[in-house]
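K.L.:
Just passing along the structure, written as structure tokens.
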Amino acid sequence: MMEQRTLSAAYRFYCDKTHDGAHSAQSDAEATLEILIAQIGRYPQLGTDPESIVKFTGDEQLVDFARRFSMENGIEIFNFGKHKGRPVADVLKSEPQYYDWMMKGDFPMHTKQKLTEIFNRTMLKKDKTVG
């Protein structure tokens with residue numbers, strides 16, 4: 001909460017390097033791996049395997065890796081922006097253009113995949129109730 005939450009900022013903070021190849025898939029992946037290795041070294045309480053890290057962070061029910069969505073009582077909710085705290089399905093029903101905005105936006109692929117899953121599930125429910 002005290003630092004920028006960008007890959008470049010994390011790379012600078014944990015690895016003391018500048019991320020010159022930002023937004024290149026290979027460069028971003030390599031920087032992410034270096035950051036993870038540095039975090040594991042800095043915070044031994046994290047453990048060294050994915051399960052221990054997820055357990056430590058309390059994110060046992062991740063919706064998307066970027067945490068744009070979170071889970072509350074089994075329902076995906078927005079974790080950012082003007083719809084923060086609102087159920088994703090409700091927003092997609094009332095403002096379907098928000099889906100398009102996010103899909104065209106600079107969101108990670110995993111976030112877009114999860115949004116599409118929720119969108120498809122929401123629209124299928126909507127279609128079934130109509131006919």
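K.L.:
Can you tell me how many residues in region 75-96 are of a type outside the set (D, E, K, R), closer than 29 Å to ALA22 by Cβ and assigned to a helix (DSSP H, G or I)?
P.N.:
Summing the residues that are of a type outside the set (D, E, K, R), closer than 29 Å to ALA22 by Cβ and assigned to a helix (DSSP H, G or I) in region 75-96 gives 3.
K.L.:
Just give me the residues in region 1-29 being closer than 18 Å to ALA66 by Cα, touching a Ser or Thr at 6+ places or on another chain (Cβ under 9 Å) and either without any contact (Cβ under 8 Å) to a residue 24 or more places away in the chain or surrounded by fewer than 12 Cβ atoms within 10 Å (Cβ to Cβ) (or both), in sequence order.
P.N.:
Selection gives SER8, ALA22.
K.L.:
Quick check on region 37-46. Is at least one of its residues buried (at least 16 other Cβ atoms within 10 Å of the Cβ) and either part of a loop (DSSP other than H, G, I, E, B) or on the phi > 0 side of the Ramachandran plot (or both)?
P.N.:
Among the residues of region 37-46, not one is buried (at least 16 other Cβ atoms within 10 Å of the Cβ) and either part of a loop (DSSP other than H, G, I, E, B) or on the phi > 0 side of the Ramachandran plot (or both), which makes the answer no.
K.L.:
While we're on this one: If you go through region 97-116, how many residues are surrounded by 14 or more Cβ atoms within 10 Å (Cβ to Cβ), assigned to a helix (DSSP H, G or I) and under 15 Å from the mean Cα position of the chain (by Cα)?
P.N.:
6
K.L.:
Looking at ALA29, ALA22 in this structure, which one is over 27 Å from HIS83 (Cα atoms), under 19 Å from the mean Cα position of the chain (by Cα) and either among the acidic types (Asp, Glu) or assigned to a helix (DSSP H, G or I) (or both)?
P.N.:
Among ALA29, ALA22, only ALA29 is over 27 Å from HIS83 (Cα atoms), under 19 Å from the mean Cα position of the chain (by Cα) and either among the acidic types (Asp, Glu) or assigned to a helix (DSSP H, G or I) (or both).
Read-outs: derived from the displayed coordinates by stated rules, not from any lab. Note that this is a predicted model, so its numbers are computed, not measured. Virtual Cβ from ideal backbone geometry, glycine too; neighbours counted across all protein chains shown.
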